[in-house]
1. Given just the C-alpha atoms of the range 247-306, how large is their convex hull per residue in cubic angstrom?
2. Show me the ranking of peptides 176-186, 50-60 by mean Cβ neighbours inside 10 Å, starting with the highest.
3. Please state the Cα pair-distance histogram of the range 90-158 with 10 angstrom bins from zero: what percent is in each bin?
4. Quick one: Cα convex hull volume of the range 1-89, Å³ per residue?
5. Would you please put 350-358, 271-279 in order of how densely packed they are, using the mean number of other Cβ atoms within 10 angstrom per residue and starting with the highest?
6. Based on the alpha-carbon set only, what is the convex hull volume of the range 41-127 divided per residue, in Å³?
7. Considering the convex hull of the alpha carbon atoms of the range 297-366, report its projected area averaged over all viewing directions, in nm², one decimal.
8. Ratio of alpha-carbon Rg to the 2.2 N^0.38 Å globular estimate for the chain, to two decimals, please.
Amino acid sequence: MTTGLVFHEIYLWHHTGNHANYVPYGNPVEPLQHIEGPETKRRVKNLMEVTGLINSLKPIKPRPATKEEILRFHTENYFEKIKGNNDKISADFGISAPTGIGSFDIALLSAGGVIEAVNAVISGEVDNAYALVRPPGHHAMPDLAMGFCIFGNAAIAGFHALEKTPVEKIAYVDWDVHHGNGTQAAFYDNPNVLTISVHQDRNFPAKTGLLEENGEDEGEGYNINIPLPPGSGVGAYEATFDRVVIPALNKFNPDLIIVPSGFDGGANDPVGRQMMTSEGFRSLTKKIMKAADALCNGKIVMTHEGGYSAATVPFFAHAVIETLANQDVGLVDPFQNIIGRLGQQEMQPHQDNLIKSAEKLLNNIK
Ligand code: ZN
């Protein structure tokens, strides 16, 4: 079992400036750091170094995505606008997506890193891969930066796979606590790409990610949103995967599974209100791997999205990557016992009702 890891120090140099969480500073808001900072991702890599897990991973070298690759999803106007601000100390291209000096270059390397992860998995160089990239991508729209995302890394890598590799069908399983609206938009009318997003109901974006958004035209039935109620714990997530996500994958039969992997569904996250744990994320990873083994020779590419609790995110990511790599380095997550025993970790009736509604969408996959 070989798991690839995409990482580059310069991902951490994408500078999102002084905000209080995501609100720009200025009286009455005292300057603080932007919530989408380097620390959560740096600490994922640091923890993997300290435990030794990183030694069992195969490094995949990122390279900048080309303009042609970016334009498979984004408009030229948008591309040029971000390029033109590459030397600006700070800019914001849309809805809460600040950039700093060099952010265009770093965003290209982020998208290109996910493309190279796909190449490594499809070529068989590795069995699966985790792209620890930054800036994240799943909110980015063709002509609009959103939610800390500049280029749609996962969508761009998917378009690349469809055009440049033997892959004909891709399934996305986005477990970030926010709706994967950009990936949804990229493939909304495409029956060869199943986009699934499991997220907190109307967190961000405010008005998308509803059950009713089920795809359009030929792609009708091939977008599944599961907007879990706030407060959902491991029980609700596991039931969602057992009853909707995995059956959808089985019915769709993809050649490749891409997981936009955000850890803001974890308990303690400052911008999410769910209660996932490292063992919860490990369990979801096992479920996807089992399906991937049966459907597509285990081909999974995960790409890092959100997750803003610097203390806990490294343990969530470590559990996922350790599982992908079929390793056990003996790490005990000190947060697991605390957040794992929170009340209502087991599925609640109102969560069950939502999952029941989502189960009906399985009928729309032909
Ligand atoms: Zn998120």
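Every number here is computed from the coordinates shown, using simple stated rules; none is lab data. Note that the structure is predicted; figures quoted are calculated from it, not measured. No Cβ is skipped: glycine too gets one built from the backbone with ideal geometry, and neighbour counts run over all protein chains shown.
1. On the way: hull volume 4.9 nm³, N = 60.
Hull volume normalised by residue count: 82 Å³.
2. On the way: 176-186: 27.5, 50-60: 16.2.
Averaged packing, sorted descending, gives the order 176-186, 50-60.
3. The distribution over the range 90-158 is 23, 49, 21, 7, 0, given as percents.
4. Details: hull volume 13.2 nm³, N = 89.
Dividing the Cα hull volume of the range 1-89 by its residues yields 148 Å³.
5. Answer by packing, highest mean first, reads 271-279, 350-358.
6. Working: hull volume 10.7 nm³, N = 87.
Taking the convex hull of the Cα positions in the range 41-127, it is 123 Å³ per residue.
7. Working: hull surface 31.0 nm².
With the hull built on Cα positions only, its mean projection is 7.7 nm².
8. Working: Rg = 18.7 Å, N = 366, 2.2 N^0.38 = 20.7 Å.
Ratio of Rg to 2.2 N^0.38 Å for the chain: 0.90.
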